[in-house]
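Before any comments, here is the structure.
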């Protein structure tokens, strides 16, 4: 199993309802691909003063579990993925850092 972990950082504050919808849209399109076995997402928990740290501070983390590298590639090429990413980038621009790894723990 391969985990694809994404740290999503919106350029501007995003309303809670929009963040919920973003996470739901990404989860749905990836699960609908038929290649994703597991999905987990969580919001960042802010700590006072962290905005002064010179680092990318994510708004949320999303993790997808897939069987192997071909499944990961196929999931991101599935119908609807580009449309969802493009729509959200246009509405609420964001950056993504990601890592592909074996399960932690």
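Remarks
- Value at 222 nm in deg cm²/dmol, rounded to 500, when DSSP H runs of n ≥ 4 in the chain each add -39,500 (n - 2.57): -10500 deg cm²/dmol
- GNM on the chain, alpha-carbon springs under 10 angstrom: the most fluctuating residue among 27, 51, 83 is 51.
- In angstrom, the C-alpha Rg and Dmax of the chain are 14.1, 41.
- Summary of the geometry: the range 48-105 and the range 1-45, compared by the centres of their Cα atoms, lie 7 Å apart.
- Taking every C-alpha pair closer than 8 Å and separated by at least 6 residues, the mean separation divided by the residue count of the chain gives a relative contact order of 52 percent.
- Sequence of 30, 6 once ranked by neighbouring C-beta atoms within 10 Å, starting from the fewest: 6, 30
- The C-alpha atoms of the chain define a longest principal axis, and helix 16-32 lies at about 10 degrees to it.
- Per-selection Kirkwood Rh - the range 62-105 (Cα, Å, 1 d.p.): 12.3 Å
- R0 of 41 Å, Cβ-Cβ distance residue 31-residue 51: FRET efficiency to nearest 0.05: 0.75
Throughout, read-outs are computed from the coordinates displayed, never taken from laboratory work. For clarity, every value in this text was computed on a predicted model and none was experimentally measured. Here the Cβ is made from the backbone with ideal geometry for all residues, glycine too, and neighbour counts use every protein chain on show.
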